[in-house]
Amino acid sequence: MRKITLLLSLFSVLAINAQLITITETYQIPQNGDTIHYQKANTFGFDKDGVGAVTDKLWDFHALMNDGNEDIQFWWTAPIGLAGADSFPTANIARGGTTENGYFFYNNSTTELNRIGWYGDATNFGIYRNSFATEFKFPFTAGDNNSVSYSGRYAPFNLGEDSVTIELGNISLQADMQGTLILPTGEFHNVLRIHDVESFHLKAYIAGTPATDNLIEDDYYYWFVDTIFQPILIYGTTAIDGSEQAEVLRYQPIDVPTNVLENTLNDKIKIYPNPSNGIFEIQGENINSVKIIDIKGEQIKTEIKNFKKIDLTEMEKGIYFAKIYTNNGIVIRKIVLE
């Protein structure tokens, strides 16, 4: 508690000369059909804390080395019809991924990512009881902290005297730093780092007496940009009974200049309909050109001046970004092709 109090006091003092960054729910709550890509990176020489004051950090990872060409994907889908979905009747969305076995199930609100359990297979799934494991709650501002507790059972073991339970689950979030992040794909301003510490005990009971007690601890850091879907950079470790497992370091390989994005400018640029079957109309003033970028950060189409439409009818369904150049700066808009 003392550490959190000191952190908030430090932010209060430094905030006199610095505007605190807020990450809103606008781009962060996943919807059915959303997909995100990450590039796995080598942790050699990686310094998660960067340099400078906590309100004006510089994380310079421009020389970050890719760890192979692995394309790590996560996707969100409706839970209906998924294996194990019957165990999570309140779920409104599920998350799968190339690094995950099965799905994590969520009961999300318009501002919260509420995990309610996971299903790997018939012998490996967990169900939380009476509470959510809230992974993120928005809006989140530099200096904020949030903590939630949860418990549950590790199925398919029974609930009686012979059982396996999830106990003393806790997620603690602190928005502890803000600043500029440089990745191999470009420079991102107005970045907020959130430190996420999650732990729980996995206890096995025989005849009502604890036979084993394993402590699982996740220590992760997430770098957010308000206008980019989900964390742009992730670093963390998992420990089991104090024994650290392999490190995780991955980033979104997208090149979007968020440093010149202003809310007032963003409000004046509209793209509709969105989602669309391929034809998007652009409305706004003083627009010079538009570039279309796919989810991997690769430019796929350029519209130069005097345009009224973006035609993506020949592209595959999915998420794209429109990089809109105006006289006053650049706006990045997410567009969905159905």
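The values are calculated or read from the model by the stated rules, or taken from the named source; none is laboratory data. Because the structure is a prediction, the values reported are computed rather than measured. Counting neighbours? That spans all protein chains shown, and the Cβs are built from the backbone with ideal geometry, glycine included.
One line per residue, one yes/no per condition, for (1) in the same structural domain as Val51 (by TED's automatic domain parsing); (2) farther than 30 Å from Asp60 by Cβ; (3) at pLDDT 95 or above:
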| site | (1), (2), (3) |
| --- | --- |
| Ser199 | yes, yes, yes |
| Asp219 | yes, no, yes |
| Asp226 | yes, no, no |
| Ala246 | yes, no, no |
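Scanning region 121-140 for residues that are at pLDDT 95 or above and surrounded by fewer than 16 Cβ atoms within 10 Å (Cβ to Cβ) yields a total of 1.
I'd like the residue in region 282-294 that is surrounded by 14 or more Cβ atoms within 10 Å (Cβ to Cβ) and over 13 Å from Ile254 (Cβ atoms) and, out of all such residues, is modelled with the highest pLDDT. First the steps, then the outcome.
First, the residues of region 282-294 that are surrounded by 14 or more Cβ atoms within 10 Å (Cβ to Cβ): 282, 284, 287, 289-294.
Restricting the remaining residues to those that are over 13 Å from Ile254 (Cβ atoms) gives 282, 284, 287, 289-290.
Numbers: Ile282: 86, Gly284: 80, Ile287: 79, Ser289: 78, Val290: 83.
The residue in question is Ile282.
Criterion applied to Asp60, Asp49 was being of a type in the set (D, E, K, R) and under 30 Å from Tyr150 (Cα atoms), and the one residue passing it is Asp49. Tell me whether region 157-177 contains one or more residues that are among the aromatic types (Phe, Trp, Tyr), surrounded by fewer than 17 Cβ atoms within 10 Å (Cβ to Cβ) and under 30 Å from Asp86 (Cα atoms). Within region 157-177, one or more residues are among the aromatic types (Phe, Trp, Tyr), surrounded by fewer than 17 Cβ atoms within 10 Å (Cβ to Cβ) and under 30 Å from Asp86 (Cα atoms). Take the residues of region 69-93 that are surrounded by 13 or more Cβ atoms within 10 Å (Cβ to Cβ) and part of a helix (DSSP H, G or I): which is nearest to the chain's Cα centre (by Cα)? Looking at residues that are surrounded by 13 or more Cβ atoms within 10 Å (Cβ to Cβ) and part of a helix (DSSP H, G or I), I get Ala85.
Thr110 - would you say it is modelled with pLDDT of 95 or more and in a strand (DSSP E or B)?
On the way: modelled with pLDDT of 95 or more: yes; in a strand (DSSP E or B): no.
No, not satisfied.
Every test in (1) at pLDDT below 95; (2) surrounded by fewer than 18 Cβ atoms within 10 Å (Cβ to Cβ) is passed by His37 save one, and that test is (2). Scanning region 295-324 for residues that are at pLDDT below 75 and not in a loop (DSSP other than H, G, I, E, B) yields Gln299, Lys301, Thr302, Glu303, Ile304. Looking only at residues of region 141-155 that are surrounded by 18 or more Cβ atoms within 10 Å (Cβ to Cβ) and of a type in the set (Gly, Ala, Ser), we find that the one that is farthest from Gln19 (Cα to Cα) is Ala155. Of Gly102, Gly96, Gly117, all but one fail to be surrounded by 21 or more Cβ atoms within 10 Å (Cβ to Cβ) and either touching a helix residue (DSSP H, G or I) at 6+ places or on another chain (Cβ under 9 Å) or not aliphatic (A, V, I, L, M) (or both); the exception is Gly117. Just one residue in the set Gly169, Gly236, Gly143 is assigned by TED's automatic domain parsing to the domain that holds Ser87, out of contact with any Lys or Arg (no Cβ under 8 Å at 6 or more places or on another chain) and in a loop (DSSP other than H, G, I, E, B); that residue is Gly143. Yes or no: Thr264 at pLDDT below 70, of a type in the set (Ser, Thr, Tyr) and closer than 23 Å to Gln31 by Cα? No; evaluated as a whole, the condition is false for this residue.
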